[in-house]
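I have placed the structure first, in the form of structure tokens, so that the comments after it can refer back to it.
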Ligand SMILES: *Cc1c(COP(=O)(O)O)cnc(C)c1O
């Protein structure tokens, strides 16, 4: 499989290349040259298979030429197993209504869906760095959950050092502690005086500094890294097949921030999975919902909400979607991104908007509504949902109830315990593997929102 940049000017790479590169050198994002398709027969055969086997069928075409079947199988078996995910279904479906389901994606080591991709990505890093005898510097920005999942995936790995930026004081205490209590020589936590968008801008600036990038051999673990999106395609297949695909269509509601998870749903659909609609569920940071409603992709101010992992105004993965909406015209994507850099907004063409409206619905859900959904669900079903999941559940109400409606549950309620307690009166318990989280020692650097200071810090680590 070959990968091309959305901006059309970076080298064409194979899967190994894009995994170790992250952001394309022309500032774009890598996408497969074309999406592989799976026949109805192949999809049907997934029914009743272990998650790791479904993952093998879905992922194999994307890594063709870079990873041999036996290595891929070994990595998938080691990732999607009981030692890593504490449910044997790996991604269990829970029924909440006659045709309403929650896909629980929070049974991994850091209790959010990001473990699905990052646990696998850590193993790809090991595989490729061992083969190349190379060391990697990982730089990432987190609004909370990416950070802990990436750190957990990279801790102790021989050829990898990870620097993780989070906005100081803007992640929940559980989220912070999950990152800062990992005391390993190859893990550096950095609290930045700023917002998540500031952290993400620092990371992007480091990637766009090509000399720095080569000097420290920089790689991304944010969802700009193709491998992450790819890994997330799998649970769309496992859940849809469990509910009757390919012979019955399903729909998804996806709590969305960086447009990674929902873009994975779009890929699943492009590969042949019968998905009727995908709902973009946002909190009041609603740039994506507004885009679908108005045709204008326009930056707003970042608001702090009770679903902080979606407090994002610039969705980096949206560029991948834009590339397809613009019929894969990289000139158009360059024009759009230039326009956005200058004016903080883009107006999409009519054809692009109507294509997007065919695929997606969108709904923004404010904090008050989110709390009401959590309270109502606790009362009616005794089900405790985290605030991100609750945003998704509310948005799912827009979907046609004739087809199964699956809401992605992106985090365990304990990660957002304060909001859950306020809405439902229930204090969720930490799972046993984390019971002593509040007693563990923390380690973290504080840094100004300043690229020079950040690069100096990374250089020290690489040259020591
Ligand atoms: C990251 C995250 C999201 C948003 O996912 P994207 O792929 O960035 O759209 C939603 N919910 C939780 C709990 C997350 O950690």
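The values are calculated or read from the model by the stated rules, or taken from the named source; none is laboratory data. Predicted model only: the values in this text are computed from it and were never measured. Every residue, glycine among them, receives a Cβ derived from its backbone with ideal geometry; neighbour counts consider all protein chains shown.
Within the range 397-409, identify whether any single residue is on the phi < 0 side of the Ramachandran plot and part of a helix (DSSP H, G or I), and answer yes or no. Checked against the condition, which is being on the phi < 0 side of the Ramachandran plot and part of a helix (DSSP H, G or I), the range 397-409 yields no hits at all.
Please verify whether the range 33-53 includes one or more residues that are within 16 Å of the ligand (Cβ to nearest atom), modelled with pLDDT of 95 or more and touching a strand residue (DSSP E or B) at 6+ places or on another chain (Cβ under 7 Å).
Taking every residue of the range 33-53 in turn, none turns out to be within 16 Å of the ligand (Cβ to nearest atom), modelled with pLDDT of 95 or more and touching a strand residue (DSSP E or B) at 6+ places or on another chain (Cβ under 7 Å).
Of the residues making up the range 292-312, those that are crowded, with 22+ Cβ neighbours inside 10 Å, at pLDDT below 90 and touching a helix residue (DSSP H, G or I) at 6+ places or on another chain (Cβ under 7 Å) are 309, 311, 312. Residues in the range 140-162 that are part of a helix (DSSP H, G or I) and within 16 Å of the ligand (Cβ to nearest atom): 145, 146, 147, 148, 149, 150, 151, 152, 153.
Among the residues of the range 363-371, is any more than 25 Å from residue 229 (Cβ to Cβ), loosely packed, with under 14 Cβ neighbours inside 10 Å and more than 24 Å from the chain's Cα centre (by Cα)?
yes
For the structure I just gave you, tell me whether residue 7 is in contact with a helix residue (DSSP H, G or I) (Cβ under 7 Å, 6 or more places away or on another chain), surrounded by fewer than 20 Cβ atoms within 10 Å (Cβ to Cβ) and modelled with pLDDT under 95. Against the criterion (in contact with a helix residue (DSSP H, G or I) (Cβ under 7 Å, 6 or more places away or on another chain), surrounded by fewer than 20 Cβ atoms within 10 Å (Cβ to Cβ) and modelled with pLDDT under 95), residue 7 does not qualify.
Among the conditions (1) more than 14 Å from the ligand (Cβ to nearest atom); (2) modelled with pLDDT under 90; (3) crowded, with 23+ Cβ neighbours inside 10 Å, the only one that residue 315 does not satisfy is (1). Note on the range 163-173: residues that are outside any strand (DSSP E or B) and crowded, with 23+ Cβ neighbours inside 10 Å amount to 1.
Considering only residues in the range 319-337 that are within 20 Å of the chain's Cα centre (by Cα) and closer than 12 Å to residue 4 by Cα, the one that is surrounded by the fewest Cβ atoms within 10 Å (Cβ to Cβ) turns out to be 323. Note on the range 258-273: among residues that are farther than 14 Å from residue 320 by Cα and in contact with a strand residue (DSSP E or B) (Cβ under 9 Å, 6 or more places away or on another chain), the one that is nearest to the ligand (Cβ to nearest atom) is 268.
If you check residue 458 against the conditions, is it crowded, with 18+ Cβ neighbours inside 10 Å and away from the ligand (no atom under 16 Å from the Cβ)? Answer is yes for this residue. Residues in the range 341-359 that are closer than 14 Å to residue 298 by Cα, over 25 Å from the mean Cα position of the chain (by Cα) and in a helix (DSSP H, G or I): 342, 343. Across the range 367-382, not a single residue is classified as touching a strand residue (DSSP E or B) at 6+ places or on another chain (Cβ under 7 Å), under 26 Å from residue 238 (Cβ atoms), touching a residue at least 40 places away in the same chain (Cβ under 8 Å) and not in a helix (DSSP H, G or I). Pairs are defined by a Cβ separation below 8 Å, a sequence spacing of at least 6 or placement on different chains, a first member in the range 229-246 that is at positive phi, and a second member that is crowded, with 24+ Cβ neighbours inside 10 Å and at pLDDT 95 or above; the pairs so defined are 244/250; 244/404. Can you find a residue that is assigned to a loop (DSSP other than H, G, I, E, B) and free of Cβ contacts under 8 Å to residues at least 12 places away in the same chain anywhere in the range 454-464? Scanning the range 454-464 turns up at least one residue that is assigned to a loop (DSSP other than H, G, I, E, B) and free of Cβ contacts under 8 Å to residues at least 12 places away in the same chain.
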